[in-house]
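Data block below; observations after.
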Amino acid sequence: EIQDLRANVIPSGRTSGTTCYVESAKGAMIKDVEGNEYIDFAGGIAVMNVGHSHPKVVAAIKEQAEKFTHTCFMVNPYDSAVLLADKLCKATPGDFPKKALFINSGAEAVENAVKIARYYTGRPAIVVFDNAYHGRTALTMTMTAKVKPYKWKFGPFAPEIYRAPFGDIEALKQFFITGIDPESIAAIVVEPIQGEGGFIAPPDGYFQELAALCKEHGILFVADEIQSGMGRTGKMFAMEHWGVEPDLMTVAKSLAAGMPLSAVVGKTEIMDSVHPGGLGGTYGANPVACAAGLAVMEIFEEEKLVERAQKLGETLMARFGKWVKEFKQVGETRGIGAMSGFTLVDSHGNPSAETAGKLVKFCFGKGLIILACGIHGNVIRVLMPLVITDEQLEKGLSIIEEGLAASL
């Protein structure tokens, strides 16, 4: 009945990966309105790192909602936003003064990072990379690489966005000669691990060289940690793997355990360069969302979820590596820590979105929710809540293995 009603009232452009209409969710488990239970290897696309309905998050939301739900921080401020900004500034890479701007979504964080970078440098150009995903707004879909479904027929696109090869410093240097003068570039915006693009990690030394190149030309280094941040890779933020301290960083998704909250965190001199009133938004730093964010930060510390992500990553990579050897349709492993996945290929070794689609469907039928991604749609990514139990993890992996063994 809900599905029939949906067909009449929700636009067809707003799709869903499953027909699981959720009734409740707890930890790494989801229960639908028909009573079926699913192991969640999607995590709301990396949003539920602390798990569904964590008691501490639920309590924080309830307590704040009973006090007030909105005043607009630009009119009447409150302590939860200030306290969360303090925690976030301390948690992000970089031993220098920082400030944090709260907004609502990942795309909005990227847009504000671009605004700030252009304002601070006085330069117009932004460089992004092949396979990148940064959002669905006019600016961020321009920054996103994949055409369908994100950009197709939605042009014209935003100006002064330039795309370079990912993971190749020499190619970028050549691009500075043939594509765009580095003196015109305000910022280079890069995902530490390319999420929607296929869980692609950079080659060793790449980000260190990229940061040095940015510094040489007065370009701001902007790390888009929307999917890779908040403990997902076995570090609180993925850039810590390479010892790189970004000038600006975007954070969202698991920051507030499903409440709409995102942030731009960066060097104080850069963040403070914008004139008063130049940054804002009606709902940015919503008090209920900030309360949830404070609870999330406490959970990470108390439950040692960063360490848990490291262990999950070891388990996942070992299992995925085993599948590469055992199943001809598994091409290679991808990612770092609990932001891991594997590719699916056809008999000729070419990317196979068809096989990925069949595996996703098979797993759903067996009570497991997984996601496909990548430019070719052939990468299976796992983004389970970091609080998943060992038993739930093993059951989920066994379902995937069963699907692979069935030679879908």
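Side notes on the structure shown:
- Charge dipole (the chain, unit charges on Cβ, about Cα centre) - positive-most of Gly277, Ala7, Ala42: Ala7
- Accessible area (Å², per residue) of segment 28-134, counting only protein heavy atoms and a probe of 1.4 Å: 45 Å²
- Taking the Cα centre of segment 265-408 as origin and assigning +1 to Lys and Arg Cβ atoms and -1 to Asp and Glu Cβ atoms, the resulting dipole is close to 520 debye.
- Potential extension, Phe327-Tyr119 segment - 0.36 nm per residue separation minus Cα distance: 69.7 nm
- Within the chain, percent of DSSP bridges classed antiparallel, to nearest 5: 65 percent
- For the pair Asn36 and Ala406, a Förster radius of 22 Å applied to the C-beta separation gives a FRET efficiency near 0.55, rounded to the nearest 0.05.
- Leading residue at positive end of dipole, the chain (Cβ point charges), from Leu344, Thr315, Val288: Leu344
- Relative contact order (%) - criterion: Cα under 8 Å, at least six apart; region: segment 62-199: 24 percent
- For segment 29-81, convex hull volume per residue from C-alpha positions, Å³: 133 Å³
- Separation of alpha-carbon centers, segment 229-282 and segment 336-353, rounded to whole Å: 30 Å
- Taking label points 7 Å from Cα along the Cα-to-Cβ direction, Phe154 and Tyr21 give a separation of 2.7 nm.
- Assigned charges on the beta-carbon of Lys, Arg, Asp, Glu; segment 306-345 dipole about Cα centre (debye): 100 debye
- Accessible area of segment 215-344 belonging to carbon and sulfur atoms, whole % at 1.4 Å probe: 49 percent
- When shorter helices are ignored and each DSSP H run of at least 4 residues is given -39500 (n - 2.57), the per-residue value for the chain at 222 nm works out to -11500 deg cm²/dmol.
- A dipole drawn for segment 359-402 from +1 and -1 charges on Cβ atoms has a positive end, and of Leu397, Ile375, Leu386 the residue lying farthest that way is Ile375.
- Using a probe radius of 1.4 angstrom, the carbon and sulfur fraction of the accessible surface of segment 32-100 is 55%.
- Candidate lysines for bridging to Lys153, where Cα separation is under 29 Å - those fewer than 8 sequence places away on the same chain excluded: Lys115, Lys253, Lys358, Lys361
- Tensor-based shape of segment 197-302 (alpha-carbon gyration tensor, a/c under 1.5 rounded, otherwise prolate or oblate): oblate
- Per residue, the average separation of C-alpha pairs within less than 8 Å and at least 6 apart gives segment 258-408 a relative contact order of 17 percent.
- Dipole magnitude (debye, nearest 20) for the chain, charges at Cβ of Lys, Arg, Asp, Glu: 620 debye
- Surface exposure of segment 223-305, expressed per residue as accessible area with a 1.4 Å probe, stands at 31 Å².
- Given the chain, longest segment not containing exposed loop trypsin sites (Lys or Arg not before Pro) (DSSP; at most 16 other Cβ within 10 Å): 154-303
- Contact order relative to length of segment 172-305, as percent, for alpha carbon pairs under 8 angstrom and 6 or more apart: 18 percent
The values are calculated or read from the model by the stated rules, or taken from the named source; none is laboratory data. Please read all numbers here as calculations on a predicted model, not as lab measurements. When we count neighbours, we look across all protein chains shown, and the Cβ atoms used for this are built from the backbone with ideal geometry, even at glycine. In case anyone asks, the SASA skips ligands and DNA or RNA and just uses the protein heavy atoms, side chains included. Shrake-Rupley method; radii C 1.70, N 1.55, O 1.52, S 1.80 Å.
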